[in-house]
1. Within region 86-126, take every residue that is among the hydrophobic types (A, V, I, L, M, F, W, C) and without any contact (Cβ under 8 Å) to a residue 24 or more places away in the chain and give me the one that is surrounded by the most Cβ atoms within 10 Å (Cβ to Cβ).
2. Could you grab me the full set of residues in region 171-195 that are within 20 Å of Val93 (Cβ to Cβ) and either among the aliphatic types (A, V, I, L, M) or under 17 Å from the mean Cα position of the chain (by Cα) (or both)?
3. In this structure, is Ala178 of a type in the set (A, V, I, L, M, F, W, C), open to solvent by less than 80 Å² (accessible area, probe 1.4 Å) and in contact with a Leu (Cβ under 8 Å, 6 or more places away or on another chain)?
4. Could you tell me which residue of region 181-195 is surrounded by the fewest Cβ atoms within 10 Å (Cβ to Cβ), considering only residues that are within 18 Å of Thr111 (Cα to Cα) and in contact (Cβ under 8 Å) with a residue 12 or more places away in the chain?
Amino acid sequence: MSAEETSPDEVPAQGLRELKKQMTRGAIAAAAFKLTLEKGLDHVTVEEISRVAIVSPRTFSNYFSSKEEAVVSAGGQDPEQFLPAFREAVREVPPLEALREVFADYFMNLTDDQLDQIRQMLGLVVQYPSLLDVQAARFGNLEAELRGVVAEHTGADEETEMYPWLVASAGIAAVRAALRVWGASPADGRDKLVKLVQEALSLFSAGLPAPAPR
């Protein structure tokens, strides 16, 4: 059988292997997050995380480079999953409007447990700067992906033209600002978070007008 030919029996097996990897990664991240909430990041070790996740420390290192990365990865909702939706939306509306639609849809469809975990994560990254650094790196990776989509859609040169950089930066800045404001008010729920994300991106689309003097 050539490299281009794939047995029908192999496809489900490949899908099963990928599912097992996702489950292992999720179990490690969940253990890291749970232990950090209970004991504090400084009192959690890779060995303990591995024991709770029922994997070896070597397996841990196959998925994460540090305990901080494992903690920040908890939740199983990777924002990069909405990149395909952004590719579709940007064909119909301007990039910032497409981001507003896609981000709002993403947060609207999170479960209550996922929203609670986001709020807990916001508290952890404030408490432990090393987690904030890892989270910032993840946002940076997402920004680069968004920048590439915008450049591809507009035909702009990603390296020499500012438009893709500014759109992607505005999108990430809007989400981070909305999350920070939302996290500061424990009584706020899903609808408020979605409204804040939409408001932030609408402000960028309007040229970020200054609020009226108070």
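The values are calculated or read from the model by the stated rules, or taken from the named source; none is laboratory data. Since we're looking at a predicted model, the values are computed, not measured. Here the Cβ positions follow ideal geometry from the backbone for every residue, glycine too, while neighbour counts run over all protein chains shown. To get the accessible areas, we keep the full protein, side chains included, count just its heavy atoms, and leave off ligands, DNA and RNA. Shrake-Rupley method; radii C 1.70, N 1.55, O 1.52, S 1.80 Å.
1. Checking each candidate, the answer is Ala98.
2. Listed by number, the residues that qualify are Gly171, Ile172, Ala173, Ala174, Val175, Ala178, Val194.
3. Taking the combined requirement at face value, the residue satisfies it.
4. Pro186
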